[in-house]
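Colleague: Sharing a structure below in structure tokens format, with a few things to ask.
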Amino acid sequence: MLEVNGLCYKNILHNISFTVPDGSFTMIAGRNGSGKSCLLRCIKGLYPHSGHVTCSGSCALVFQDADTQIIGQTVERDLSFGLKCSKEEVTVKVHAIAEEFGLDKLLERRPSTLSGGEKRRLAIADVAITGPDVLMLDEPFANLDYPGIKSVIELLQNLKRKGTTVIMVSHEVEKVLALSDQIIILDQGAIKMQGDADEVFSKADWSDAGIRVTGKREDMLWL
Amino acid sequence: MFSYRPSKSFVHRANPILKLILLFGFAFCPWYVSLPVMVALAIAIKLPVQNYLRNSIFFFILGALIWVSNGWQDALEFVSIILSGMILTDSTDPEDLAHSLKPILGETFSLGISITLAMLPVTMETASQARLARKARGERFIGKGYLTSIMQILLDKADEYSLAYRCRME
């Protein structure tokens, strides 16, 4: 379980408190500049902040720009970066995650030659390979075309099925609304609304939150 | 040239630190010891000399100048040093080198090398995009403020990279 209590950061985030249950899918939505990305970085401990963040397990963050998170000269080396186990175990882990994320045919490729969607899948796989209890994603659909978005949504569905706690920041709500258990709407660095996805979906003033929502919640899985 | 080319030769598989030590060792050897070894290694790893020749004009000019000023023996020594540098970079993944240096120089230094290596293509791309963007806005000669704007972008990117690396190291 992840618990955020009274989190404040400079003049950007003000008294943020919420709880994310194990295995749930939480979406943090809001206008550009509402402090969504900043909140994830504070939870991860990258930005010094006041307030408390308690996580019962390990917590990993996938950055908005996949390029910044890719380090290795090849996909295989990138996946194995930072793994603290024997060479044999690394090979097994890398091949298993590559297959799961559809990267098995790209292992020898240089990351710079990958498409935007492939890079995003690699960035998520880089983090997922460490087996985090809580996976945070910052705008995973940014700059992706339809097949790219589709493959990321499928990955998120798999992660949810496996019981990984997922926190996703996005202003493209309708793409994963059907997956969400909880929705938090941020506005000018403060929580405007939070709660069960069904409840928030029906009550929220989406246009006020800078988000265009059309149709029913259960229809909103962009596949 | 001077970039890693994956292969399975024994030189590629050798320990990067050993290669680095040998590189320094051969740099102090006379040309008649180092040059034959380097030529043999270049053949062993199938160094694509023909592809590299086009980019080596600068070294040819420098070699010729050394020949004229210091004599042919110094010129051959220069050739040997350049060749050893080519062999090292051609057969050593920079990431492997950074990883191997970790126990000797510490994790911070090793991470520093990784960030620097990752920033090299970013630097080139940023410079090229900034130049194109300025041209697109009608600037005929790239001048005032060009370096400052690139530096600003690069510093922001370096900050972002170091945060992302920290995330992956934890």
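Colleague: Normalized C-alpha radius of gyration of segment B:95-169, against 2.2 N^0.38 Å?
Modeller: Normalised Cα radius of gyration, segment B:95-169: 1.41.
Colleague: Across chain B, where is the longest run that never hits chymotrypsin sites (Phe, Trp or Tyr not before Pro) in a DSSP loop with at most 11 other C-beta atoms within 10 Å?
Modeller: Numbers: sites that count: B:PHE2, B:PHE28, B:PHE141.
The answer is B:29-140.
Colleague: Further question on the same structure: Please compute the average number of Cβ atoms from other chains found within 10 Å of each residue's Cβ in peptide A:64-74.
Modeller: Mean partner-chain Cβ count within 10 Å for A:64-74: 6.
Colleague: A further question follows. Check the straight Cα-Cα distances from A:LYS84 and name the lysines below 17 Å, setting aside those fewer than 8 residues away within the same chain.
Modeller: Hits, sequence-local ones excluded: A:LYS93, B:LYS102.
Colleague: Over segment B:95-169, with every protein chain in place, what whole percent of the accessible area is carbon and sulfur at 1.4 Å, could you tell me?
Modeller: Here it works out to 62 percent.
Colleague: Another question, if that's okay. Averaged per residue, what accessible surface does the protein assembly as shown expose to a 1.4 Å probe, in Å²?
Modeller: Heavy-atom accessible area per residue stands at 53 Å².
Colleague: Separate question: Looking at segment A:1-88, what % of the alpha carbon pairs are farther apart than 18 Å?
Modeller: Value for segment A:1-88: 55 percent of Cα pairs lie more than 18 Å apart.
Colleague: Suppose we take every Cα in segment A:69-132 and form the convex hull; what volume per residue is that in Å³?
Modeller: 77 Å³
Colleague: To the nearest whole number, what is the average tally of beta carbon atoms from other chains within 10 Å of the beta carbons of peptide B:157-170?
Modeller: 6
Colleague: Tell me, what does the Kirkwood hydrodynamic radius of segment A:20-155 come to in angstroms if you use every pair of distinct C-alpha atoms? Provide the component values of the computation, followed by the final result.
Modeller: Working: mean 1/r = 0.0630 Å⁻¹.
After inverting the pairwise mean of 1/r, the radius is 15.9 Å.
Colleague: A further question follows. Give, to the nearest whole percent, the P(r) tail of chain B beyond 23 angstrom, counting all Cα pairs.
Modeller: Counting pairs separated by more than 23 Å, the tail of P(r) holds 57 percent.
Colleague: Right, here's the next one. For chain A, what does the helix formula give at 222 nm: sum of -39500 (n - 2.57) over DSSP H segments with n ≥ 4, over the residue count, nearest 500 deg cm²/dmol?
Modeller: Value at 222 nm, helices only, nearest 500: -9000 deg cm²/dmol.
Colleague: Counting alpha carbon pairs within less than 8 Å and at least 6 residues apart, what relative contact order, in whole percent, applies to segment A:99-223? Before the final figure, lay out each step's value.
Modeller: Working: 133 pairs, mean separation 27.1, N = 125.
Over segment A:99-223, the number comes to 22 percent.
Colleague: Show the residues, 5+ positions off or on another chain, whose built amide H is closer than 5 Å to the amide H of A:ILE184.
Modeller: Correct list: A:MET27, A:ILE28, A:ALA29.
Colleague: Turning to a different aspect of this structure: Once you place label points 7 Å from the Cα toward the Cβ at B:GLU139 and A:CYS8, how far apart are they in nm?
Modeller: It is 4.2 nm.
Colleague: How big is the protein assembly as shown by Rg and Dmax over its Cα atoms, in Å?
Modeller: Taking only Cα atoms of the protein assembly as shown, I get Rg and Dmax of 25.6, 86 Å.
Colleague: So how many Å³ per residue does the convex hull of the Cα atoms of segment B:10-92 work out to?
Modeller: 84 Å³
Colleague: Please work out the C-alpha center-to-center distance from segment B:6-55 to segment A:92-161 and express it in whole Å.
Modeller: If you average the Cα positions of each part, the centres end up 38 Å apart.
Colleague: Per residue of A:33-41, count partner chain C-beta atoms within 10 Å of its C-beta, then hand back the mean as an integer. Could the numbers behind the result be given before it?
Modeller: Working: counts 0, 0, 0, 0, 0, 0, 0, 0, 2.
That works out to 0 on average.
The values are calculated or read from the model by the stated rules, or taken from the named source; none is laboratory data. Quick caveat, the model's predicted, so the values are computed rather than measured. Backbone-built Cβ (ideal geometry, glycine too); neighbour counts: all protein chains shown. Accessible surface areas use protein heavy atoms only, side chains included; no ligands, DNA or RNA. Shrake-Rupley method; radii C 1.70, N 1.55, O 1.52, S 1.80 Å.
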